Amino acid sequence: MDKILVTRPSMPSYDEYVEAIKPLWDSQWLTNMGIYHEKLEVELKQYLKVSNLSLVVNGHTALELAIKAFDFPNGSEVITTPFTFISTTHAIVRNGLKPVFCDVKECDGTINEDKIEELITDQTVAIVPVHVYGNVCNVKKIQKIAKKYGLKVIYDAAHAFGVEYEGEGIGNYGDASVFSFHSTKVFNTIEGGAIIFKDDVLCKKIRKLRNFGIQDEEVVSELGINAKMNEFCAIMGLCNLKHINEMLIRRRAIGEYYKEKLRTVKGIRYLEIGMADSSNFAYFPVVLTEDAKISRDMLYERLCENEIYVRKYFYPLTSEQICYKGKYNTNDISCAKKLSVSVLTLPMYERITEEEVDKVICTVKKYLD
Ligand SMILES: *Cc1c(COP(=O)(O)O)cnc(C)c1O
């Protein structure tokens, strides 16, 4: 058996992809909003049940540009979570804004909506929550707070592809939502991302921002960058989107199998899925509880020794990374800290075999039971 990685990308068959990219040799249109780019935007809008969607080159750029589109005054404060991938915090700081770290809930890892208000100052302009692992934040309460204080809400929905709340696409919540289509995510375009805005004006603006701010042949109206998705990536997306339902069903089956088999193991708990109608099983996080026989780090080591490469997502917290440590606020983020030292994400991808899942389960049991 090969080593078991935490994830592997979903891919169409070689023949399917090669067949699909053939027309590019005739058209010689490789990037700059080609027909496949256009087609993927249309299909994703339908699939994600959103009214507008702009593709960009990756999820990080999606988040950075989504924040930029609001033109917040330099140095303004943005309330966010430290229990996330570093990209979330970078996107705020790279926009000249100040991250204010809010604690998360132990039950699902999303931002603790009851602790947001106490962090709001006259400098606060926005909230950037994360639907971490596809677990949905309390979008209703966050919306209420935002409305009360006149703040913008920009969701990092990088993990939440295909997730819905009360039958609505999750991308519809907040003033903006961004997805990542990186190879390690549920749906991939090799590298890629998308932004959804509530406001059509901002949607038009982002289409300029992703293309150097160009309005037409002679007019540049925004300080933009090059964030265009090329046709090879768009075609990878179109191929993967054809199979997305099977991929999600397979992920669910693996997730349910893990849960069933690990049910009796003492010392682990699962996260809840927040406000999500159901999980997309983007990840399979387990949290070690106080009665676990060994520590998270020890379990991590033992699994690696057995060639099972699990990950400590998300450890360290972004606020603890060298580039941010001690620089920003010292709010109480004790739940985030606790979660970060006790969580482990187990291997989860559509093509993992039953044999491999069994090996993971056996190994986890061996050390915890
Ligand atoms: C993956 C990810 C991103 C960045 O997306 P890329 O497509 O890799 O640039 C941002 N936020 C979170 C929470 C992510 O997991």
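Values in this text are rule-based calculations from the coordinates and carry no lab data. These numbers come from a predicted model, not from an experiment. Glycine gets a Cβ as well: all are built from the backbone with ideal geometry, and neighbour counts include every protein chain shown.
Okay, here's what the table says:
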read-out	value
Cβ-placed point charges (K, R +1; D, E -1), dipole of the stretch 42-174 about Cα centre in debye, nearest 20	280 debye
Segment Ile86-Asp71, extension gain: residue separation times 0.36 nm, minus the distance between their alpha carbons	3.2 nm
Distance in nm between pseudo-label sites at Gln123 and Tyr47 (7 Å out along the Cβ direction from Cα)	4.1 nm
D_trans [Stokes-Einstein, Kirkwood Rh over alpha-carbon pairs] for the chain, 25 °C, 0.890 mPa s, µm² s⁻¹	115 µm²/s
Two-site FRET efficiency, Gln143 against Asp332, from Cβ-Cβ distance with R₀ of 22 Å, rounded to 0.05	0.35
Candidates Leu223, Leu97, Leu151, ranked by Gaussian network fluctuation over the chain, Cα under 10 Å, top entry	Leu223
Those trypsin sites (Lys or Arg not before Pro) in the stretch 5-109 that DSSP places in a loop and that have at most 16 other beta carbons within 10 Å	Lys49, Arg94
Residue list for the stretch 39-62, given a label point 7 angstrom along the Cα-to-Cβ vector of Glu168 and an amide N cut-off under 12 Å	50-51
Dipole magnitude (debye, nearest 20) for the stretch 29-117, charges at Cβ of Lys, Arg, Asp, Glu	300 debye
The stretch 68-130: C-alpha gyration tensor shape, a/c 1.5 cut-off, then a/b vs b/c	oblate
Label point distance in nm, Glu38-Glu218, each placed 7 Å from Cα along Cα→Cβ	2.5 nm
Prolate/oblate/rounded call for the stretch 166-247, Cα gyration tensor, a/c under 1.5 rounded	oblate
Sparsely packed trypsin sites (Lys or Arg not before Pro) within the stretch 315-345, loop by DSSP, other Cβ within 10 Å at most 12	Lys325, Lys327
Neighbour-count order for Thr31, Thr7, Thr88, Thr121, fewest beta carbons within 10 angstrom listed first	Thr121, Thr31, Thr7, Thr88
The stretch 287-316 and the stretch 247-279: distance between their alpha carbon centers, rounded to Å	17 Å
Percent of alpha-carbon pairs separated by more than 15 Å within the stretch 158-204	47 percent
Selected from Ile225, Pro129, Tyr14, residue furthest toward positive end of dipole (the chain; charges at beta carbon)	Pro129
Nearest-20 debye value, the chain charge dipole, Cβ charges on Lys, Arg, Asp, Glu	680 debye
Among Pro73, Pro285, Pro23: highest mean-square fluctuation, GNM of the chain, C-alpha pairs under 10 Å	Pro23
Candidates Lys148, Lys208, Lys261, ranked by Gaussian network fluctuation over the chain, Cα under 10 Å, top entry	Lys148
